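I have placed the structure first, in the form of structure tokens, so that the comments after it can refer back to it.
The values are calculated or read from the model by the stated rules, or taken from the named source; none is laboratory data. The structure presented is a predicted model; accordingly, all values stated were derived computationally and were not measured. Cβ atoms come from the backbone with ideal geometry, glycine included; neighbour counts cover every protein chain shown. Please note that ligands, DNA and RNA were not included when accessible areas were found on the heavy atoms of the full protein model with its side chains. Shrake-Rupley method; radii C 1.70, N 1.55, O 1.52, S 1.80 Å.
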Amino acid sequence: GDKLLEIREKSGPDSVFWLGSAKFNNEQAYLFRKMAGFWGTNNVDHQARICHSTTVAGVANTWGYGAMTNSYNDIHNSKAILVIGGNPAEAHPVSMQHLFRAKEAGAKMIVIDPRRTRTAVHSDHYVRIRPGSDVAIIWGMMWHIFENNWQDDTFIQQRVYGMDQIKAEVAKWTPDEVERVTGVDEETCKKAAELMATNKPGTFIWCMGGTQHTNGNNNTRAYCVLQLALGNMGKAGGGTNI
């Protein structure tokens, strides 16, 4: 307290930035904001403004609600698990236990990451991409999904608007173009798509490796669109775990 008062006296109240936490409950967040106001500044924010804003926007723009659709426990019902931009073996060890439980029940796990992480070591299929080429690899997977008619046409017809425009865009992302941009060859990309398309329901897990880019919103929208094409939304074991 003495140090804070010393800083305020010397540099003014706006010299301090008050940064909240995702571990706060609602009341704690309220008090933290009041504390900043009492201190004399509006320089107060929450860490999720940085880590989660791209997901909130991307998911809201595709599904209409900017949040995860399935709980960690629901991973147990998944037949396929796609992890991109995440390394739960090191960063989220508790959630990794849910992935292990699903794998023990027969689920296939695909990991897309520039680095062969500890999570990737446990995967059934590892896809190494160039950093920042998330959209390209997703469009590449969807090229194979549409090419092989693996999409869920009934779900798309009943629940999805605008997939025709997506299909037209995806058509540009041929295996050669995807390999040029991402560094992933056709066989590797196709296998990732096939594992997700033929083991349903499948869940999609992404973390800050996908969101912390200048085009992070584009990434999250692409992730969502893949799940819509496969018809995984609204099902036990499907959806997303963000």
Under a 1.4 angstrom probe, counting protein chains only, how are D45, D74, D14 ranked by accessible area, largest first?
D14, D45, D74
Compactness of region 89-184 - radius of gyration and Dmax, Cα, Å:
15.8, 40
State the percentage of accessible surface on the chain attributable to carbon and sulfur atoms; use a 1.4 Å probe and exclude ligands, DNA and RNA.
50 percent
Give me the Å³ per residue figure for the convex hull around the C-alpha atoms of region 99-140.
73 Å³
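Averaged per residue, what accessible area in Å² does the chain show with a 1.4 Å probe, protein chains only?
Per-residue accessible area for the chain comes out at 53 Å².
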Helix 216-230: inclination vs the chain longest Cα principal axis, degrees, rounded to 10, gives 40 degrees
Expressed to two decimals, region 1-71 has a Cα Rg over Rh, using the Kirkwood radius, of 1.14
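Stretch H76-R8 to full length: gain in nm at 0.36 nm per residue minus the Cα-Cα span?
Stretched fully, the H76-R8 segment lengthens by 19.4 nm.
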Additional length obtainable on full extension of the chain from T154 to A171, 0.36 nm per residue less Cα span:
4.0 nm
Using a 1.4 Å probe on the protein heavy atoms only, what accessible surface does F32 show? Give it in Å² to the nearest 10.
50 Å²
Candidates N87, N149, N43, ranked by Gaussian network fluctuation over the chain, Cα under 10 Å, top entry
N43
Could you state the angle between the C-alpha long axis of helix 26-39 and the longest principal axis of the C-alpha atoms of the chain, as a value from 0 to 90 degrees rounded to the nearest 10?
40 degrees
Given the -39500 (n - 2.57) contribution per DSSP H run of 4+ residues, what per-residue ellipticity at 222 nm results for the chain, rounded to the nearest 500 deg cm²/dmol?
-15000 deg cm²/dmol
Using only the Cα atoms, what convex hull volume per residue in Å³ does region 121-242 have?
109 Å³
I need the calculated FRET efficiency for the pair Q28 and V94, taking r as the beta carbon distance and R₀ as 30 Å, to the nearest 0.05.
0.90
Expressed as an acute angle from 0 to 90° and rounded to the nearest 10, what is the orientation of the C-alpha long axis of helix 2-11 relative to the principal long axis of the chain?
90 degrees
Which order do R49, R221 take by accessible area at a 1.4 Å probe, largest first?
R49, R221
Dimensionless Rg/Rh of region 1-138 - Kirkwood Rh, Rg from C-alpha atoms
1.12
Quick check: from the Cα gyration tensor, does region 202-242 come out rounded (a/c under 1.5), prolate or oblate?
oblate
Rh_Kirkwood(the chain) over Cα pairs, Å, one decimal, evaluates to 19.3 Å
